[in-house]
Every structure is written in C-alpha cells, then in structure tokens.
1. Within the range 298-307, can one find any residue that is part of a helix (DSSP H, G or I), out of contact with any strand residue (DSSP E or B) (no Cβ under 6 Å at 6 or more places or on another chain) and surrounded by fewer than 18 Cβ atoms within 10 Å (Cβ to Cβ)?
2. If you take the residues in the range 300-329 that are in contact with an Asp or Glu (Cβ under 9 Å, 6 or more places away or on another chain) and acidic (Asp, Glu), which one is farthest from Glu343 (Cα to Cα)?
3. Quickly run through the range 98-138 and pick out the residues that are closer than 17 Å to Leu371 by Cβ, not acidic (Asp, Glu) and not in a helix (DSSP H, G or I).
4. Restricting attention to the range 324-362, which residues are touching a residue at least 40 places away in the same chain (Cβ under 8 Å) and small (Gly, Ala, Ser)?
5. Looking at (1) in contact (Cβ under 8 Å) with a residue 12 or more places away in the chain; (2) closer than 24 Å to Ala38 by Cβ; (3) not assigned by TED's automatic domain parsing to the domain that holds Leu219, which one does Asp81 not meet, given that it meets all the others?
6. Can you go through Tyr178, Tyr218, Tyr187 and tell me which one is at pLDDT below 95 and either surrounded by fewer than 23 Cβ atoms within 10 Å (Cβ to Cβ) or outside any loop (DSSP other than H, G, I, E, B) (or both)?
7. Looking only at the range 72-95, filter to residues that are outside any strand (DSSP E or B) and hydroxyl-bearing (Ser, Thr, Tyr); which one of those is farthest from the chain's Cα centre (by Cα)?
8. Step by step: first the residues of the range 56-89, then only those that are closer than 21 Å to Gly141 by Cβ and among the aliphatic types (A, V, I, L, M), then the one that is surrounded by the most Cβ atoms within 10 Å (Cβ to Cβ). Which residue is that?
Amino acid sequence: MSESSFGSMAGPAATGDIPEIGVGMLGYAFMGKAHSNAFRTIPYMMYPPPAIPVLAALAGRNEVDCANAAQRYGYAKYYTDWRDMLADDAVQLFDNGGPNDVHAEPSIMAAEVGMHVLCEKPLARTAEESKTMLDAVEKAGVKHMVAFNYRFVPAIRQIRNLIDSGALGRIYHWRAVYLQEWIMPHYNESKIWRLDKEVAGSGALGDLGAHIIDLAHYLVGDMKSVGALTQTFIKERPLLDGSGMGTVDVDDAFVSVVEFENGAVGTLESTRFAGGRKNHNVFEINAEKGSVRFNLERMNELEVFWIGEKPRETQGFHSVLVSEDYHPWWDKWWPQGHIIGWEHTFVHEITHLLDCIVNDKEVGPHGATFLDGYKTAVVCDAILKSAETRRQVDINY
C-alpha cells in the first residue's frame, strides 16, 4: 500500500457560503477521466454551484499510473488501496469508477463510514449483488446515485418533461438499440475484462443494454416481463498476458421484447458487433398524441411528430435543436445553437448529486438511485434467464 500527496490542486476556491465536498475516486481510466473533467468544470460553468467539489484523493492498483493520473487530473493525493482512501477524513463523496467486480465492496464500505456514493453502471454484476449495495446505502442514510449519465442529456430530459406534462399522452411503444463495434476481432482481439463474466457480470447487456433499460424505466416505467435471445460470436480470445486462449463467457449481443406494467410494449437490442456503429444509442417512443425519437450521436437534437398537426400538407417528424436557454441546463452553457457534447452529461449529473447532498434533496426521480440500479440489474438477470430457458420471464423487483 502506498500514499503520496501532490498538495492542493482542487481547482477554484469556494466563494461566499458555497460549501466544499471532498471527493475520493476509485479508478482513473475512461470514467475516471470523464468524472474528473466534470468535477473541475462544475465550479465555473454550473455557477453558482451547489457545492465546490474538492479533488481529495484518487485510488488505483498500479502506483505509477495512479500517481500520473492524480497529477494530471488534479487530485491532492493518491492511494494504491481504496480501503486507505475510505479512511481519509478529507473524503465525503466516494466516486466508484472501477470495474464491475469492485462496485459492491468499496461502495458498501463507503456507505458504512458515512460517505455519499456515486457508482458507475451497471450497479453490480447481478441483481443479488446490487441488492446488497442498495441495502447498505439505505441503512446508512447516505445519498446514492448510479451514473446513468444519459438521463442528463438535455434532449432526453426534455422528452421526460413532455411525458410528465401529458403532451404525449398514453405511451404505446418503446423501441431502443445501443450499437457499437469495438469488440469485433478487427478492432480488439484480446480477452479484456469486459469479456470475463467473473469481472463484468455480463457483456453487451450490462455494458450497453443497462443504459437503454434504465432509460426505459425513466421514460416509460417498470417492466412486467421480458423475452430474450443472447449470442456470443467469438467464444475464445487471446489472453492479455500472451499465455494462450481464454473462454469468452459473456454475451456479445442480445435482443429482447418487453412488456411494461402500464401496458406499453417494447424492444431492446445491444451489440458490440455492429460494424460502422460507434456509439449508436437510439430510441423511439410512440404515444397517443405523438412520437419522439432520439439519437445519441446527434445528442443536441430530438425528432418529434404530433398527431393531427396542421396543416396536413406539412405533417411529419420535425427535428428540434435542443439548445435554447429554456431547455434543460442550457442557461449554464452557450448561446443558442452552440452545441454541447457527451462530456457535459457528467457535469449535469454530478451537479445534481451535489445539490442533493448539500440541500438534502431526493436524488430521484431524475437521478438514478441505487434502487434504479437494482431494478436494471433485475431486468438484466431476467433477460439472461429468458435467453437460457427460451421462455418469457416475469419481472419481480
């Protein structure tokens, strides 16, 4: 175990009565970079922020890489054991950006010592494991959120606002796909951790499908039953250490049909074998009074169709640029039409959590709580069970 300090590199100092919240993060790779960027951006772009996030500590197993990341992102110190970081009095918010197999134990321990917890998705590898995390944060009475950042895309929040207002009326259909290509042999041949069930829990289902399952919960409601198929296209891959071949024991793709509690029906599909698709997260809702469609790769837009709109000669889907100052979060950003990007979803998401912490607000319904993460895990487990048994499976949250 090792600890080192770089001094104070926490960004802008707190002004006036704005409180500070010390952040301890586990992990420094993809999500570590995304979250750290958000923490540093919040004080001056979400101004005035609900709190100033102070980058207190970073934890990771590789000391050289962790030290370099801490210096790069601006964390005051680093640890090579997350347990030591959770004993640091400077940390009030634990941000778990580690692989799926280290979501449960550190998050539970953080809650037990009174820290608020932000955990990357999926919440855990199984519903059973997710439930232990949910029980821990509820018992501790801390704020808890799963990093389903797509809830914080302005266009998606605008769709939720339309649903809440009654503008769409009764929802009939949910249709969602999340397609990527990067795990195809042409791009990535090795058996990385995301292809190992012991570490990841599942494959495309937990990595990508969890996002569209959570969005279905957020925009349509709880699910009643699912039917599904899964497929592993490449069943063996070279091990990273070069020692031979390893078995791929997670799904490369899944497709599912869904029945919602409110009577809506839906489809879900995710794969990392869709050549040409980089981050193709697309969904469509068909409802009583109209339809809406969203594409993450055009995240500043949504498409809307209103039934009965006049004149008839110009009826059809309209593309709406979600960048006006009356759209969600846009008063904090740029003049209309000056679009924002994927990284800004984390700024919105973490600002929401900070507001809930310092002002004792509920994280839900807009933020995904550990209960929401658990519900997504229940659906993921049901999809795997349906694919295994070749039967429709009832959802029991």
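The values are calculated or read from the model by the stated rules, or taken from the named source; none is laboratory data. Because the structure is predicted, anything quoted here is derived from the model rather than measured. Cβ sites come from the backbone with ideal geometry, for glycine too, and all protein chains shown count toward neighbours.
1. Of all residues in the range 298-307, those part of a helix (DSSP H, G or I) come to 298.
This time we only want the ones that are out of contact with any strand residue (DSSP E or B) (no Cβ under 6 Å at 6 or more places or on another chain), so: 298.
Retained after the next criterion (residues that are surrounded by fewer than 18 Cβ atoms within 10 Å (Cβ to Cβ)): 298.
Yes, that holds for at least one residue.
2. Checking each candidate, the answer is Glu303.
3. The initial filter retains those residues of the range 98-138 that are closer than 17 Å to Leu371 by Cβ, namely 103-104, 107-108, 111, 116-124, 126-138.
Pick out the ones that are also not acidic (Asp, Glu) and you get 103-104, 107-108, 111, 116-119, 121-124, 126-127, 130-134, 136-137.
Across the range 98-138, the qualifying residues are His103, His116, Val117, Leu118, Cys119, Lys121, Pro122, Leu123, Ala124, Thr126.
4. Of everything in the range 324-362, just one residue is touching a residue at least 40 places away in the same chain (Cβ under 8 Å) and small (Gly, Ala, Ser), namely Gly341.
5. If we test Asp81 against (1) in contact (Cβ under 8 Å) with a residue 12 or more places away in the chain; (2) closer than 24 Å to Ala38 by Cβ; (3) not assigned by TED's automatic domain parsing to the domain that holds Leu219, just (2) comes out false.
6. Working: Tyr178 fails: at pLDDT below 95; Tyr218 fails: at pLDDT below 95.
Result of the check over Tyr178, Tyr218, Tyr187: Tyr187.
7. Within the range 72-95, the first condition is being outside any strand (DSSP E or B), and the residues that meet it are 72-76, 80-92.
Still in the list and also hydroxyl-bearing (Ser, Thr, Tyr): 73, 75, 80.
Numbers: Tyr73: 21, Tyr75: 23, Thr80: 25 Å.
The selected residue is Thr80.
8. For the range 56-89, the residue satisfying everything is Leu86.
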